[in-house]
Amino acid sequence: MATGDLKGQTAIVTGAARGLGLVIATDLAREGMRVAGADVKSDELSGRMREISEKYGVETLAFGADVGDEKAVTSLTADVIRRWGRLDVLVNNAGIRQVAPVWETSTAMWDRIHDANLKGHFLCTREALSQYMLTHGEGVIIFISSGSGKKGEEDSSAYCASKWGIIGFAESVAKDLKKTRIRVTTLTPGMILTPMAKESEVWHLGLDWLDPDPVSQAVVFCIKQDSNTIIPELRIYHRAQV
């Protein structure tokens, strides 16, 4: 994998229909990468991937898939490799946020959050590794956690647990891959200005939100490093959030 040159490489970006995932998919395409987006918002995703392809002259694929669905993840990973013959980068970005005090958190709500935020990261990582990266000995896996993975928050026990879980899972995956040239990085950004933020219960408070662009550029920066340069974790916050 040529340091700094991403042209012709391929990436899977989950949660790519909008928000941070869409910005990341766009920035990778701008670098000349072929991008496969995955999202439950299939119609919105198809349109965005088509626009990216037309604007940057790269191939894109759109998978209307739930990353918590094992068969769907196995299939989409295989489809990407079959179509493009390689898989260089996985960006585990997909996630949802729902809030409730723990005593009002139903099992169904807990499972929805953890399927999207943690199980999906596990499934995508396992399949990217087992279907391609381990055999070829190279690749980059990026995990998007959150500042909520660093501290507990009111009415967010399920969400925070999932984001803490991503950090522990990613660190363990990195240990598993120590003898390879596959790199693992976790990003823990603060509150990002995305459609999900505008739909949140705190939007009306007029808080300072982190622009998604520098977070996406941090992803690109991490991917561009050589295989001997390891960035285990990168924290990014708006000045007002520190």
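Values in this text are rule-based calculations from the coordinates and carry no lab data. Keep in mind it's a predicted model, so treat the numbers as computed, not measured. Note: ideal-geometry Cβ built from the backbone for every residue, glycine included; neighbour counts use all protein chains shown.
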Subject >> Relative contact order, percent, the chain [alpha-carbon distance under 8 Å, six or more residues apart] >> reply: 20
Original post:
How do His121, His136 rank when sorted from fewest to most other Cβ atoms within 10 Å of their own Cβ?
Top reply: His136, His121
Subject >> Long-range HN-HN contacts of Gly190 with modeled amide H, under 5 Å >> reply: Gly147, Ile236, Tyr237, His238
Subject >> Share of alpha-carbon pairs per 10 Å distance bin for the stretch 2-92, given as whole % >> reply: 19, 55, 24, 2
Original post:
How far is the Cα center of the stretch 161-186 from the Cα center of the stretch 1-35, in Å?
Top reply: 20
Subject >> Distance in nm between pseudo-label sites at Ile96 and Asn228 (7 Å out along the Cβ direction from Cα) >> reply: 4.5
Original post:
What angle do you read, to the nearest 10 degrees and between 0 and 90, between the alpha-carbon axis of helix 19-30 and the longest principal axis of the chain?
Top reply: 20
**OP:** Could you tell me how many degrees, from 0 to 90 and to the nearest 10, lie between the Cα long axis of helix 157-176 and the main elongation axis, the longest principal axis, of the Cα atoms of the chain?
**Re:** 30
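How do Tyr159, Tyr132, Tyr237 line up, fewest other C-beta atoms within 10 Å first? Walk me through the numbers on the way to the answer.
Numbers: Tyr159 25, Tyr132 21, Tyr237 14.
Ascending number of Cβ neighbours within 10 Å: Tyr237, Tyr132, Tyr159.
Can you put Val102, Val35, Val40 in order of Cβ neighbours within 10 angstrom, beginning with the fewest?
Taking fewest neighbouring Cβ atoms as first place, the list is Val102, Val40, Val35.
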Subject >> Extension gain (nm, one decimal) between Lys41 and Ser172, 0.36 nm per residue minus Cα-Cα >> reply: 44.1 nm
Original post:
In degrees from 0 to 90, rounded to the nearest 10, what is the angle of the helix 70-84 Cα long axis to the longest principal axis of the chain?
Top reply: 30
**OP:** Convert 10 °C to kelvin, take the viscosity as 1.306 mPa s, use the Kirkwood radius over C-alpha pairs of the stretch 104-192 as Rh, and evaluate the Stokes-Einstein diffusion coefficient in µm²/s, rounded to a whole number.
**Re:** 115
Original post:
With each pseudo-label sitting 7 Å past Cα toward Cβ, what's the Arg30-Trp103 distance in nm, one decimal?
Top reply: 4.9
Subject >> the stretch 10-241 - Debye-derived log10 I(q)/I(0), Cα point model, q = 0.08, 0.15, 0.16, 0.17 Å⁻¹ >> reply: -0.26, -0.98, -1.13, -1.28
Original post:
What shape does the stretch 33-81 take by its C-alpha gyration tensor, where a ≥ b ≥ c are the square roots of the eigenvalues and a/c under 1.5 counts as rounded, a/b above b/c as prolate, and the rest as oblate?
Top reply: oblate
Original post:
If r is the Cβ-Cβ distance from Phe221 to Arg50 and R0 is 22 Å, what FRET efficiency results, to the nearest 0.05?
Top reply: 0.20
